[in-house]
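The values are calculated or read from the model by the stated rules, or taken from the named source; none is laboratory data. Worth saying up front: this structure is predicted, and the values here are computed from it rather than measured. Here the Cβ positions follow ideal geometry from the backbone for every residue, glycine too, while neighbour counts run over all protein chains shown. Each accessible area value is taken on the protein alone, full model and side chains, heavy atoms only, with ligands, DNA and RNA left out. Shrake-Rupley method; radii C 1.70, N 1.55, O 1.52, S 1.80 Å.
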Amino acid sequence: MRDNTTGEAHRPGRIEVVCGSMFSGKTEELIRRMRRAQFARQRVEIFKPSIDVRYSEEDVVSHDQKHIQSTPIDSSASILLLANDIDVVGIDEAQFFDQGIVDVCNELANRGVRVIVAGLDMDFRGVPFGPMPALCAIADDVTKVHAICVRCGSLAYVSHRKVSSEKRVLLGETQEYEPLCRECYQKEVRAEK
């Protein structure tokens with residue numbers, strides 16, 4: 001391990017996953033870690049799925065409007081093409097990528113790149129979402145962050161969809177989703193039957 005002038009240590013490649021429900025601060029934490037890497041004069045690149053245009057077509061933007069420049073892409077394979085000579089790769093909304101994202105992250109980490117991945121661990125039904133379970137399994141470090149249940153104030157468990165749609169991918173914000181704890185989510189599911 002070598003230190004640079006700002007004290008941030010350069011370590012061999014690794015995969016860090018930040019997961020949780022909507023409104024839990026996943027993207028905010030990704031941005032925080034990426035900014036620290038920038039302050040440490042590391043070469044960084046952030047990718048997001050091109051379908052995520054909620055706040056910006058190009059930037060990664062958190063719910064509290066923190067933002068950082070990113071590269072929108074359509075498939076995980078693009079990351080390998082665009083991440084040459086990069087020290088730290090950030091990936092937002094990883095649940096929307098294809099399963100190939102797992103191999104991409106492994107390959108980057110094996111090359112000595114620090115990979116920071118943020119994404120929903122479960123969909124609106126409480127089912128593990130896309131490649132996130134596999135990413136958590138191969139990660140060197142997993143951080144699960146929690147929103148606060150809007151009904152009772154406990155730690156949120158799931159992103160409850162408030163609008164009627166069975167589509168697994170439905171981009172939205174507070175109009176479409178709310179964070180609920182397990183107990184409040186179960187009450188809601190029973191009420192909807």
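Okay, here's what the table says:
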item	result
G90 long-range amide H proximity, modeled H, under 5 Å	E45, I46, F47, I116
Highest average packing first - 133-143, 23-33, Cβ atoms within 10 Å	23-33, 133-143
The stretch 12-27 versus the stretch 98-149: alpha-carbon centroid distance in Å	7
Under Karplus coefficients 6.51, -1.76 and 1.60, residue-wise ³J(HN,Hα) of the stretch 144-160 in Hz, glycine/proline x	9, 10, 10, 7, 9, 4, 6, 8, 10, x, 6, 5, 6, 10, 8, 8, 7
Simple label model, 7 Å out from Cα along Cβ direction - D141 to D85, nm	2.7
Protein-only accessible surface order, largest first, of F39, F47 at 1.4 Å	F39, F47
Table column - 3J(HN,Hα) (Hz), the stretch 81-97, Karplus curve with 6.51, -1.76, 1.60, x for Gly and Pro	6, 9, 9, 6, 6, 10, 8, 9, 10, x, 9, 9, 6, 4, 4, 7, 7
Highest to lowest packing among 156-163, 111-118, 88-95, scored as the average C-beta count within 10 Å	88-95, 111-118, 156-163
Residue pairs, from the table K48/K144; K26/K48; K48/K193, whose Cα atoms sit over 25 Å apart	K48/K193
From phi via Karplus (6.51, -1.76, 1.60), per-residue ³J(HN,Hα) for the stretch 17-32 in Hz, x at Gly/Pro	10, 10, 9, x, 7, 5, 6, 9, x, 4, 5, 4, 5, 4, 4, 4
Pairwise label distance in nanometres, R43 with V150, each label 7 Å out on the Cα-Cβ vector	4.3
